[in-house]
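J.: Could you have a look at this structure, given as structure tokens, before my questions?
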Amino acid sequence: MRRDAWAAAQQRAGTETSAGALLGPLLAGSAQPHQVRRAAQGLGLPERGRYAVVVLGGAVAVPDGDGARWCWCGKVGVVLLGQGGLAGPVGLLGEAGAGPGGVSPVVGGLAELGLARRLAGAALLTCGPGTREIVTLDERLPTALVASRPELSARLLAEVFGPLLVLDPAERALLVGTLEVWLECGGSVGRAAVRLRCHRNTVFNRLRRLERLTSRSLSHPRELVETVLALDALRLSAARG
């Protein structure tokens, strides 16, 4: 029994090593046309098809399902999608406890896996440490933009939220928390007040204080965008410790 299990494990390891050797150049974005053809033949996959890439924080094998086929190269998985699209594979990853993980948009063939790998990596950067979440790039695009350029993220945080960072931590948390709830409530002061269990004037006053500190108006579209992106930068900075 042990010998059979060992043999099965060795076979799986050999299969994964072979798949990794074929997928490596594709995922690196450096594959030549002959390497794409060789990978397609070796893996039994079509050169053109609906593919996505997932980058995980840890290596977890996910079985085929929902019409999808998986190939793994360490912590990076390539999935040939079935009729159900991305929803099924993302759900399987979540059920397997595979997170944190970032999932790329769908690309049109094996030759585009390098781009998909980079985009999946950008999605993974938006996941908090210790979480099990599986996120697609498209649901985290603004945060991924901030996370992908740490030097610009740090500059944005200092430029917009600099005056908040020198406040007492409790006061800063109060103002930032109020902003987060107000955004989650679609910019409604009344709904935010209900969520925060305070008077709507209290919410209004906190937001006005935040506007004075940041020199950004929450009613000005461009300045609101800067504030929201700076909030993402603050969350990422806090998550990294």
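J.: So, restricting to helices (runs of 4 or more DSSP H) that lie completely within the range 171-241, which ones have at least 2 residues that are in contact with a Leu (Cβ under 6 Å, 6 or more places away or on another chain) and over 18 Å from Val146 (Cα atoms)?
T.: Per the criteria, 200-214.
J.: Which is touching an Asp or Glu at 6+ places or on another chain (Cβ under 8 Å), surrounded by 15 or more Cβ atoms within 10 Å (Cβ to Cβ), modelled with pLDDT of 75 or more and not acidic (Asp, Glu), of Gly24, Gly57, Gly82?
T.: Testing whether each residue is touching an Asp or Glu at 6+ places or on another chain (Cβ under 8 Å), surrounded by 15 or more Cβ atoms within 10 Å (Cβ to Cβ), modelled with pLDDT of 75 or more and not acidic (Asp, Glu) leaves just Gly82.
J.: All but one of (1) in contact with a Cys (Cβ under 8 Å, 6 or more places away or on another chain); (2) of a type in the set (A, V, I, L, M); (3) closer than 30 Å to Pro89 by Cα hold for Ala239, so report the exception by its number.
T.: Result: Ala239 fails condition (1) only.
J.: Separate question: Looking at the range 183-241, which of its residues are on the phi > 0 side of the Ramachandran plot and open to solvent by less than 60 Å² (accessible area, probe 1.4 Å)?
T.: Once the filter is applied, which keeps residues that are on the phi > 0 side of the Ramachandran plot and open to solvent by less than 60 Å² (accessible area, probe 1.4 Å), the range 183-241 yields only Gly187.
J.: Would you point out the residue of the range 123-144, among those that are open to solvent by less than 20 Å² (accessible area, probe 1.4 Å) and without any contact (Cβ under 8 Å) to a residue 60 or more places away in the chain, that is farthest from Gly77 (Cα to Cα)?
T.: Step by step, filter the range 123-144, then rank; the result is Ala144.
J.: Now for a different question. Mind checking which pairs have a first residue in the range 183-201 that is in contact (Cβ under 8 Å) with a residue 40 or more places away in the chain and a second that is part of a helix (DSSP H, G or I) and surrounded by 13 or more Cβ atoms within 10 Å (Cβ to Cβ), Cβ under 7 Å, 6 or more apart or different chains?
T.: Filtered contacts from the range 183-201: Leu183/Val228.
J.: Also, I was wondering about something else. Can you say whether Thr214 is within 17 Å of Arg155 (Cα to Cα), in contact with a Gly (Cβ under 9 Å, 6 or more places away or on another chain) and at pLDDT 95 or above, as far as the supplied structure shows?
T.: The answer is yes for Thr214.
J.: Can you tell which of Ala147, Ala120, Ala98 is in contact (Cβ under 8 Å) with a residue 60 or more places away in the chain, touching a Leu at 6+ places or on another chain (Cβ under 6 Å) and surrounded by 15 or more Cβ atoms within 10 Å (Cβ to Cβ)?
T.: Being in contact (Cβ under 8 Å) with a residue 60 or more places away in the chain, touching a Leu at 6+ places or on another chain (Cβ under 6 Å) and surrounded by 15 or more Cβ atoms within 10 Å (Cβ to Cβ) holds for just one of Ala147, Ala120, Ala98, which is Ala147.
J.: Given the criteria aliphatic (A, V, I, L, M), closer than 25 Å to Thr126 by Cα and in contact with a Pro (Cβ under 9 Å, 6 or more places away or on another chain), does Val160 qualify?
T.: It is false that Val160 is aliphatic (A, V, I, L, M), closer than 25 Å to Thr126 by Cα and in contact with a Pro (Cβ under 9 Å, 6 or more places away or on another chain).
The values are calculated or read from the model by the stated rules, or taken from the named source; none is laboratory data. Being a predicted model, the structure only gives us computed values, none of them experimental. Please note: Cβ atoms are built from the backbone with ideal geometry, for glycine as well, and neighbour counts cover all protein chains shown. The area values use the complete protein model at the heavy-atom level, side chains included, leaving out ligands, DNA and RNA. Shrake-Rupley method; radii C 1.70, N 1.55, O 1.52, S 1.80 Å.
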